[in-house]
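Participant: Quick one: the structure is below, questions incoming.
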Amino acid sequence: MQFRVFYLINRSGECVSSTSAVAMTPKAICEQMLDRLQSEDDYLGILDAEDTTLQVLPEPEQNRYYVEVPIDAAKASFGRYVTRAELEELVRTLPPTFDERSIPGLTYRPW
């Protein structure tokens, strides 16, 4: 299964917009992208087949990541904090489409 990814890696200036997202397998995302998320200004977006986004936001000082499925119309998201190991497992087992029911443990958070 492939997803499309977009990202910003602040320290290197690498940026791929959501409109130019690159196809990657879950394995490739784990091997090529996760270690690059090192600052609070970095982010990774993973698009499913229906263009729903799963965002990954690193919080290096807390040694964790926040993963969320934003719902623009509701001005909110469904998300949770994960460790690096949990993030890798989540990416490797991503469902074909993302929502608050397809990814375990997500909770509602208004913006």
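Participant: Where residues in the stretch 63-83 are touching a residue at least 24 places away in the same chain (Cβ under 8 Å) and closer than 16 Å to Ile46 by Cβ, which of them is surrounded by the most Cβ atoms within 10 Å (Cβ to Cβ)?
Facilitator: Ranking the candidates gives Val67 first.
Participant: Among the residues of the stretch 35-51, are any touching a Phe, Trp or Tyr at 6+ places or on another chain (Cβ under 9 Å) and polar (S, T, N, Q)?
Facilitator: no
Participant: Oh, and also: Name the residues in the stretch 8-27 that are within 15 Å of Asp48 (Cα to Cα) and part of a strand (DSSP E or B), would you?
Facilitator: Once the filter is applied, which keeps residues that are within 15 Å of Asp48 (Cα to Cα) and part of a strand (DSSP E or B), the stretch 8-27 yields Val22, Ala23, Met24.
Participant: Now, a different point. So if I check each of Ala28, Ala73, which one is at pLDDT 95 or above and aliphatic (A, V, I, L, M)?
Facilitator: Ala28
Participant: Residues Thr93, Thr83, Thr97: which one is under 21 Å from Lys27 (Cα atoms), among the polar types (S, T, N, Q) and in contact with an Asp or Glu (Cβ under 9 Å, 6 or more places away or on another chain)?
Facilitator: Testing whether each residue is under 21 Å from Lys27 (Cα atoms), among the polar types (S, T, N, Q) and in contact with an Asp or Glu (Cβ under 9 Å, 6 or more places away or on another chain) leaves just Thr97.
The values are calculated or read from the model by the stated rules, or taken from the named source; none is laboratory data. Computed from a predicted structure; not experimentally measured. Note: ideal-geometry Cβ built from the backbone for every residue, glycine included; neighbour counts use all protein chains shown.
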